[in-house]
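Inspection log for the structure reproduced underneath, given as structure tokens.
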Amino acid sequence: MRKRLATLLLALVLALVPALALAQEDPTVVQVGKVSYPLSVVSFSLQSALDLAQSLGEVTQEDVQTAKEETIERFIGMGIIENQLMRAGRNDFSDSEKELLMAQARNQYEQIWQEFLRQLQQAGEDVTEEEVTRWLEEQGYTQEAIYRDLLVSERQYRMFELFCSDVMVTEQEISNYYLTQYVETDEARYANNIPLYEKEILMTGSEAFYTPEGYRGVKQILLAFPKELTAQLKTMARGPLQRAKDAYDKAYDALAQAAARGDDTTACKAEYDAARDALEQQQKAYADKQAEALELLCGTTDEIARRYAAGEAFEALMKQFSTDQNHIDTQDSGYLLHPLSEYWATAFRNAACALTSPGDISQPVVTDAGVHIILYVCDIPSGMHELTQEESEVLAQSALYAAKTARLSELIEGWKKDYTIRVDASLLDANLY
């Protein structure tokens with residue numbers, strides 16, 4: 001199960017604090033009792049929050065102010081925790097505890113490093129190991145930074161032991177927690193935004209706890225064009241067809257702008273008509289070349305259709321003929337596809353959605369990838385994701401964690417009056433970049 005707990009103390013870390021030597025002049029931004037946090041640490045955490053927010057959309061000045069206030073509150077909370085642990089004699093770590101946490105930090109860093117390298121390679125990036133390491137360091141991801149993060153988490157769990165050991169959650173509370181924190185969050189985000197669901201879930205292989213209505217499972221047998229025709233199609237698509245599309249778009253924009261200004265559109269309309277005709281000619285030439293490729297494969301497509309109609313398993317035909325060997329397991333529901341999908345070629349999507357019943361297969365469909373024969377496998381149930389036993393156990397732990405965090409947050413608010421708290425928020429303004 002993906003961990004997406006938006007809890008106070010988990011967010012205290014917000015981003016891994018920078019593993020950089022503190023500058024000689026590093027004034028204190030937040031001081032709580034005996035604990036202080038310097039500008040380098042607090043500003044890095046704030047900037048990380050703003051970078052994350054900016055990756056999700058435009059950040060306003062009001063957002064910046066809110067993030068600054070929330071960051072300061074997080075560090076105040078961290079300071080209270082450290083002071084409370086000092087009082088209890090639990091704030092220090094033995095050498096063996098530090099060694100264990102450092103080993104965990106090394107393992108986590110290696111996982112992050114390998115995953116980042118894998119994603120870059122999948123995207124076709126040619127990078128060296130040194131470049132991967134340097135980029136991660138620039139983002140604050142180092143073994144030392146992860147180690148500091150683990151220290152914060154360990155202090156949190158010590159606080160749970162000291163002050164929240166009596167907190168329990170019922171089955172109903174766990175169910176409500178799942179609905180509000182996972183299902184309803186995903187439903188609000190994805191129910192009416194299929195492109196976003198596909199970008200964030202399907203294309204990344206992530207797990208969602210709500211499936212939008214209208215998805216079906218499909219499999220395909222993909223037949224590659226002969227190499228010579230593939231090269232010709234690529235040349236046409238990247239050359240004359242693309243130039244014709246660009247000319248058409250330019251002529252369309254010019255005509256629209258002239259009409260909006262109230263100018264005489266005669267010349268623009270003539271250019272637009274000529275560009276449209278030229279584009280249609282290139283599209284026809286490209287379609288004719290695709291049809292030529294399909295004709296060369298018609299013997300294979302006819303054999304596949306005949307053998308499937310005679311009762312042979314589609315997966316067996318996939319194994320023999322398809323260049324796409326994904327979802328070849330008979331128990332696999334295949335690719336998820338929706339009528340509003342933007343991830344698939346239009347011809348493929350339309351053909352798959354035109355199939356009326358599970359078990360139906362399409363006529364051969366031509367795209368730039370080759371010739372497709374599509375199987376309609378099943379309808380994908382919409383709504384809430386039903387948890388497995390393992391997921392249910394993880395959910396129960398998450399719900400308990402959230403309940404203890406809520407209790408600890410209340411205690412922190414009550415402890416604030418026991419400490420002298422000093423904040424110089426103005427120091428953060430000059431350090432945002």
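The values are calculated or read from the model by the stated rules, or taken from the named source; none is laboratory data. Keep in mind that what you see is a predicted model, and the values were worked out from it rather than measured. No Cβ is skipped: glycine too gets one built from the backbone with ideal geometry, and neighbour counts run over all protein chains shown. What goes into the accessible areas is simple: the full protein's heavy atoms, side chains included, and nothing from ligands, DNA or RNA. Shrake-Rupley method; radii C 1.70, N 1.55, O 1.52, S 1.80 Å.
Can you give the percent of C-alpha pairs in the range 350-433 whose distance is more than 16 Å? The proportion of pairs with Cα distances above 16 Å equals 78 percent. Taking 1.306 mPa s as the viscosity and 10 °C as the temperature, the Stokes-Einstein diffusion coefficient of the range 34-140 based on its alpha-carbon Kirkwood radius rounds to 93 µm²/s.
A crude spin-label estimate for the pair Arg422 and Asn192, with each label 7 Å from Cα along the Cβ direction, gives 5.2 nm.
Report, in degrees rounded to the nearest 10, the 0 to 90 angle that the Cα long axis of helix 143-163 makes with the longest principal axis of the chain. So the helix axis and the longest Cα principal axis differ by about 60 degrees. Ranked from largest to smallest solvent-accessible area, with a 1.4 Å probe on the protein heavy atoms, His327, His372 come out as His327, His372.
In plain terms, the chain from Ala313 to Ala285 could stretch by 6.4 nm, reckoned as 0.36 nm per residue minus the Cα-Cα distance.
Positive contributions from Lys and Arg (+1) and negative ones from Asp and Glu (-1), summed over other residues with Cβ under 15 Å from the Cβ of Ala123, come out at -2. 3J(HN,Hα) along the range 124-135: x, 7, 9, 10, 9, 4, 5, 5, 4, 4, 5, 5 Hz, from the Karplus curve 6.51 cos²θ - 1.76 cosθ + 1.60 with θ = phi - 60°, whole Hz, x for Gly and Pro. Working from label points 7 Å from Cα in the Cα-to-Cβ sense, the Glu137 to Arg243 distance is 4.8 nm.
Could you sort Met203, Met384, Met168, Met318 by their accessible area in this structure, using a 1.4 Å probe and putting the largest first?
Numbers: Met203 110, Met384 80, Met168 145, Met318 0 Å².
From most exposed to least exposed: Met168, Met203, Met384, Met318.
Compared with the dominant principal axis of the Cα atoms in the chain, helix 298-309 is inclined by about 70°. Net length available on complete extension from Glu161 to Gln122 is 9.7 nm, with 0.36 nm assigned per residue and the Cα-Cα distance removed.
For Tyr210, the solvent-accessible surface computed with a 1.4 Å probe is close to 30 Å², ligands and nucleic acids excluded. Within straight-line reach of Lys404, meaning a Cα separation under 27 Å, sit the following lysines at least 8 residues removed in sequence or on another chain: Lys3, Lys34, Lys68, Lys98, Lys416, Lys417. In this structure, the residue pairs whose Cα-Cα separation is over 28 Å, taken from Lys199/Lys219; Lys284/Lys319; Lys227/Lys319, are Lys284/Lys319. Summed over the residues of the chain and divided among them, the accessible surface reaches 57 Å² per residue at a probe radius of 1.4 Å.
For the range 83-98, 3J(HN,Hα) computed residue by residue from phi via the Karplus equation (6.51, -1.76, 1.60; θ = phi - 60°) reads 5, 5, 5, 4, 4, 8, x, 10, 8, 8, 10, 6, 4, 5, 5, 5 Hz, glycine and proline entered as x.
Calculated from the structure, Kirkwood radius over Cα pairs in Å equals which of [x] 21.7; [y] 23.0; [z] 27.1? The listed entry that was calculated here is [z]. Of the listed residues Cys164, Cys378, the order by accessible area with a 1.4 Å probe, largest first, is Cys378, Cys164.
When the expected Rg is taken as 2.2 N^0.38 Å, what fraction or multiple of it is the alpha-carbon Rg of the range 61-201? Numbers along the way, then the final one.
On the way: Rg = 20.2 Å, N = 141, 2.2 N^0.38 = 14.4 Å.
The reported ratio for this selection is 1.40.
Give the carbon-plus-sulfur fraction of the accessible surface of the chain in %, rounded to a whole number; probe 1.4 Å, heavy atoms of protein chains only.
Carbon and sulfur: 50 percent of the exposed surface of the chain.
For the range 244-286, the list of chymotrypsin sites (Phe, Trp or Tyr not before Pro) that fall in a loop by DSSP and count at most 11 other C-beta atoms within 10 angstrom is empty.
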